[in-house]
Amino acid sequence: MNLALFIPELALVATAVIVILLDLLTEQKRLLAQVSISGLVVAGGVTVAMWGHNFPTIFNNMLAVDNFALFFKMLFLGVAFLVILSSVDYVIKFARFQGEYYALVLLATLGMMLMAATTNLIAIYIAIELTSISLYALVGFLKDAKSTEASLKYLLLGAVASAVLLYGMALIFGFTGKTNLHDIAQSIQALSPPTLFASPALILGIVLLVAGFGFKIAAVPFQMWVPDVYEGAPTPITAYLSVASKAAGFAIILRVFFSAFGQPDWLSQNWGLIFAGLAVISMTLGNIMAIPQSNIKRLLGYSSIAQAGYLMVGLAALGVSPVGDILGQSGVLFFLASYVFTNMGAFIAVIAISGKLNSDLIDDYAGMGKRAPLLALALTLCLISLIGMPPAAGFMAKFYIFSAAVQHDLLWLVVIAVLNSVISAYYYLRVVKVMWLGQAASQEKVPSSAALRLALVLSCLGVLLLGIIPGYMMRLAELAARIFIP
Amino acid sequence: MLGLEHYLILSAILFSIGLYGVLSKRNAIIILMCIELMLNAVNITLVAFSRYVVPALLTGQVFAIFVIVVAATEAAVGLAIILAIYRGLEDIDVTKINLLKW
Amino acid sequence: MGLVISFWILAAICILAALGVIFLRNVFRAALSLILCFLMVAGLYITLSADFLAAVQILVYVGAISVLIILAIMMTREVQRGSPSNRLQIPAFIVAILLLEVLVLTLLKTPWQIATTPPLAPTTTALATRLFGEGGFILPVEIAAVLILSAILGAIVLAREK
């Protein structure tokens with residue numbers, strides 16, 4: 001086994017430990033952010049260097065180092081980079097616990113990287129828990145009533161979801177006798193169709209897995225934690241949850257469902273339809289519930305539920321598509337990349353604006369177009385991308401996913417999705433309208449720190465680049481999705 | 001004769017009892033206890049599968065060991081939050097947690 | 001025969017204890033009931049010839065997690081507050097019964113591929129080989145170590161005063 005392939009993960013653990021120790025020694029807390037970022041850069045550099053080589057799996061076939069895993073690792077490292085940049089000023093609120101904050105962000109990132117790469121049910125379960133436990137703690141970091149309650153709620157619901165997920169894994173393990181995804185696929189394919197039809201345990205196991213993963217990606221009806229947790233958590237962590245945690249959930253769904261349940265065709269069509277159903281209710285409920293929200297964090301929370309719905313349109317398309325067609329997969333990967341930049345950008349703008357206003361209310365954003373024109377412009381760009389209008393990334397992302405769905409006879413689903421995009425335009429544009437046309441409460445400028453500006457520029461650049469020249473990212477996504485062609 | 005099904009049904013019953021408790025109780029400590037109940041139920045399933053399906057490999061028992069690790073960490077973090085709430089934040093009532101509010 | 005009798009006794013007490021957790025009004029008694037349930041599960045592991053796991057169950061669940069729960073109950077004076085139910089009792093009951101029905105039907109209808117080989121005993125060495133040996137589960141062990149680190153960090157941050 002080649003331990004060199006494990007360097008990105010090792011680098012993150014080492015950085016986390018260094019940060020904790022350094023926290024004891026230094027009064028210069030900014031140093032902690034710098035160390036964390038350099039750890040992320042090292043891990044990211046090594047990950048980029050590993051791209052395209054198609055290494056074998058390591059750790060006794062439990063950890064894949066394929067392009068798919070690397071694609072997501074780069075995504076998570078990028079998000080963690082932006083989250084830490086946008087936390088540099090926010091962490092002052094945590095007075096005593098800045099070291100722990102950065103360490104937990106790094107450990108959660110590590111958990112997500114492992115989620116995208118592990119190929120064994122046991123390792124998948126424990127990687128999910130590493131992510132979750134770190135996030136439960138991070139949500140409660142503000143230590144005020146809302147934040148603590150959010151953390152408790154997230155933990156209790158998350159633990160229930162992981163128990164359900166675990167039951168599903170247990171059924172699948174009991175049915176096949178295997179825990180490795182590849183072996184599971186082989187034993188499913190070895191069974192004759194009549195035996196498979198007479199075995200409800202497999203289907204029930206899959207349904208329970210969908211429920212467990214559905215919690216991670218915040219799909220309706222497993223979304224009840226979203227609004228309260230998004231509102232109560234520190235804003236950088238809300239951004240992190242809405243972006244990375246969701247992407248990690250999709251990474252693991254793609255890998256598990258493709259590697260283990262991709263064959264036979266009727267099986268993948270069945271779970272494709274499950275995702276189609278979830279997509280419809282997630283989009284519709286997410287968008288409808290977002291309309292009356294007055295708090296921008298709650299609004300973005302519901303919007304992220306709806307975005308998970310659009311993503312599941314992609315999952316449905318690739319469930320019903322025949323093996324070897326990777327338009328659906330690469331579409332989902334592209335959507336995730338664009339969603340990451342867009343939502344990160346939106347949240348960074350919210351951190352900058354709300355940090356100054358001390359308020360998350362949309363009404364207080366009135367007149368931001370004059371008080372902080374650049375921030376307002378960035379937020380507008382990101383909201384436009386969330387609607388899915390050109391020239392932003394969201395347009396191309398929806399285009400890819402919906403065209404994949406249309407090609408596989410899911411026109412009805414696409415029609416519902418497009419209608420939903422129209423509804424969503426209403427509440428996204430309301431924020432834009434308040435910012436540019438509303439009467440400002442004061443004329444005072446809203447300044448933002450250099451770190452925040454850098455993070456915001458990077459995300460907006462991503463949104464524009466992906467929207468105007470999507471070819472490069474699509475090429476990466478196709479390379480990453482290629483591992484699913486048997 | 002004792003078979004796999006006996007253990008599986010027992011575990012299904014325990015899991016359902018745990019789920020009922022999670023959905024119907026308002027006290028956070030009780031909810032946490034019910035979650036432990038659910039995890040124990042899954043462990044029985046795993047160990048039973050291990051015994052009857054792959055008796056020589058022990059995969060299910062290995063899985064169960066990791067579940068126990070996770071259960072312990074979840075309990076530790078959960079109880080830390082509950083303690084914090086009682087320590088300083090009187091305005092949250094842990095006995096009035098409503099998990100299913102939308 | 002002895003195995004069958006012990007299974008039924010253990011299973012019966014286990015279910016009764018689990019019901020006790022949700023129906024006892026006094027939180028402290030509910031916790032004791034939970035401990036009883038944990039003990040019975042350890043007994044069930046022995047009937048499944050999982051001797052090491054039974055020991056782990058007693059050490060971790062009965063020894064550590066229970067103590068943690070009781071500590072929390074005592075420190076938070078939770079006992080007097082009782083164990084109230086929310087308004088969702090009836091829907092929760094229906095959901096639980098439906099889930100139970102689906103699970104039982106599924107579990108009974110599925111043709112499990114039961115192996116005829118006798119179980120390994122004792123399991124301790126074999127488990128160690130599976131966890132740490134060649135071709136084993138060393139990756140989850142490593143991740144579990146990091147998991148515990150993050151749980152420690154999280155618990156410290158959340159429980160300490162601001």
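The values are calculated or read from the model by the stated rules, or taken from the named source; none is laboratory data. Quick caveat, the model's predicted, so the values are computed rather than measured. Counting neighbours? That spans all protein chains shown, and the Cβs are built from the backbone with ideal geometry, glycine included.
Summary table
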item	result
Test: residue A:481 is under 30 Å from residue A:181 (Cβ atoms), small (Gly, Ala, Ser) and surrounded by 19 or more Cβ atoms within 10 Å (Cβ to Cβ)	yes
Any hit, segment A:62-83, residues being among the basic types (Lys, Arg), assigned to a helix (DSSP H, G or I), closer than 22 Å to residue C:154 by Cα and in contact with a helix residue (DSSP H, G or I) (Cβ under 9 Å, 6 or more places away or on another chain)	no
Candidate set: segment C:110-145, residues that are within 7 Å of chain A (Cβ to nearest Cβ) and at pLDDT 90 or above; chosen: the one nearest to the chain's Cα centre (by Cα)	C:144
Candidates A:77, A:104 - the one that is crowded, with 24+ Cβ neighbours inside 10 Å, modelled with pLDDT of 95 or more and more than 30 Å from residue A:483 (Cβ to Cβ)	A:104
Neighbours by Cβ (under 9 Å, 6+ apart or cross-chain): first from segment A:401-424, touching a residue at least 40 places away in the same chain (Cβ under 8 Å); second among the charged types (D, E, K, R) and outside any helix (DSSP H, G or I)	A:404/A:325; A:407/A:325; A:408/A:325
Filtered residue count, segment B:45-61, keeping only those that are more than 9 Å from chain A (Cβ to nearest Cβ) and in a loop (DSSP other than H, G, I, E, B)	3
Residue ID - nearest to the chain's Cα centre (by Cα), chosen from residues in segment A:55-80 that are more than 14 Å from chain C (Cβ to nearest Cβ) and without any contact (Cβ under 8 Å) to a residue 60 or more places away in the chain	A:74
Single unsatisfied condition, residue B:75 versus (1) under 30 Å from residue C:160 (Cβ atoms); (2) surrounded by fewer than 24 Cβ atoms within 10 Å (Cβ to Cβ); (3) at pLDDT below 95	(2)
Verdict on residue C:148 being more than 8 Å from chain A (Cβ to nearest Cβ), out of contact with any Phe, Trp or Tyr (no Cβ under 7 Å at 6 or more places or on another chain), at pLDDT 95 or above and part of a helix (DSSP H, G or I)	yes
Matching residues, segment A:49-61, being in a helix (DSSP H, G or I) and surrounded by fewer than 19 Cβ atoms within 10 Å (Cβ to Cβ)	A:49
Qualifying positions in segment C:13-58 - without any contact (Cβ under 8 Å) to a residue 24 or more places away in the chain, closer than 19 Å to residue B:4 by Cβ and either at the interface with chain B (Cβ under 10 Å from one of its Cβ atoms) or among the charged types (D, E, K, R) (or both)	C:15, C:45, C:54
Filter result for residue A:277 (over 25 Å from residue A:85 (Cα atoms), free of Cβ contacts under 8 Å to residues at least 12 places away in the same chain and in a helix (DSSP H, G or I))	yes
Qualifying residue in segment A:84-91 (condition: more than 9 Å from chain C (Cβ to nearest Cβ) and not in a helix (DSSP H, G or I))	yes
Residue ID - surrounded by the fewest Cβ atoms within 10 Å (Cβ to Cβ), chosen from residues in segment A:285-338 that are in a helix (DSSP H, G or I) and of a type in the set (Val, Ile, Thr)	A:288
Helices (runs of 4 or more DSSP H) fully within segment A:118-201 counting 3 or more residues that are at the interface with chain C (Cβ under 9 Å from one of its Cβ atoms) and out of contact with any Cys (no Cβ under 9 Å at 6 or more places or on another chain)	A:121-139, A:145-176
Residue in segment A:218-237 that is within 14 Å of chain C (Cβ to nearest Cβ) and either outside any loop (DSSP other than H, G, I, E, B) or of a type in the set (Val, Ile, Thr) (or both) present	yes
Filter pass, residue A:211 being within 14 Å of chain C (Cβ to nearest Cβ), closer than 27 Å to residue A:334 by Cβ and either aliphatic (A, V, I, L, M) or in contact (Cβ under 8 Å) with a residue 12 or more places away in the chain (or both)	yes
Odd one out for residue A:46 among (1) surrounded by fewer than 24 Cβ atoms within 10 Å (Cβ to Cβ); (2) touching a residue at least 40 places away in the same chain (Cβ under 8 Å); (3) β-branched (Val, Ile, Thr)	(2)
Among residues of segment A:100-116, those that are more than 8 Å from chain C (Cβ to nearest Cβ), within 15 Å of the chain's Cα centre (by Cα) and farther than 16 Å from residue C:141 by Cα, counted	5
Residue within segment A:447-462 that is part of a helix (DSSP H, G or I), touching a Phe, Trp or Tyr at 6+ places or on another chain (Cβ under 9 Å) and surrounded by fewer than 17 Cβ atoms within 10 Å (Cβ to Cβ) present	yes
Residues of segment B:62-78 satisfying the condition of being within 7 Å of chain C (Cβ to nearest Cβ) and closer than 15 Å to residue A:179 by Cβ	B:62, B:64, B:65, B:66
Any hit, segment C:86-100, residues being in contact with a Lys or Arg (Cβ under 9 Å, 6 or more places away or on another chain), closer than 30 Å to residue C:25 by Cβ and more than 7 Å from every other protein chain (Cβ to nearest Cβ)	no
Members of segment C:121-162 found to be in contact (Cβ under 8 Å) with a residue 12 or more places away in the chain, of a type in the set (A, V, I, L, M, F, W, C) and more than 23 Å from residue A:171 (Cβ to Cβ), listed by number	C:121
Positions within segment A:25-39 being at pLDDT below 90 and in a helix (DSSP H, G or I), in sequence order	A:30
Condition check for residue A:230: surrounded by 21 or more Cβ atoms within 10 Å (Cβ to Cβ) and touching a Lys or Arg at 6+ places or on another chain (Cβ under 7 Å)	yes
Answer from A:359, A:403 - the residue that is over 21 Å from residue A:459 (Cβ atoms), part of a helix (DSSP H, G or I) and not β-branched (Val, Ile, Thr)	A:403
Count of segment B:13-34 residues which are within 25 Å of residue C:12 (Cβ to Cβ), touching a residue at least 40 places away in the same chain (Cβ under 8 Å) and β-branched (Val, Ile, Thr)	1
Of all residues making up segment C:11-42, the number that are under 12 Å from the mean Cα position of the chain (by Cα) and under 20 Å from residue B:72 (Cα atoms)	10
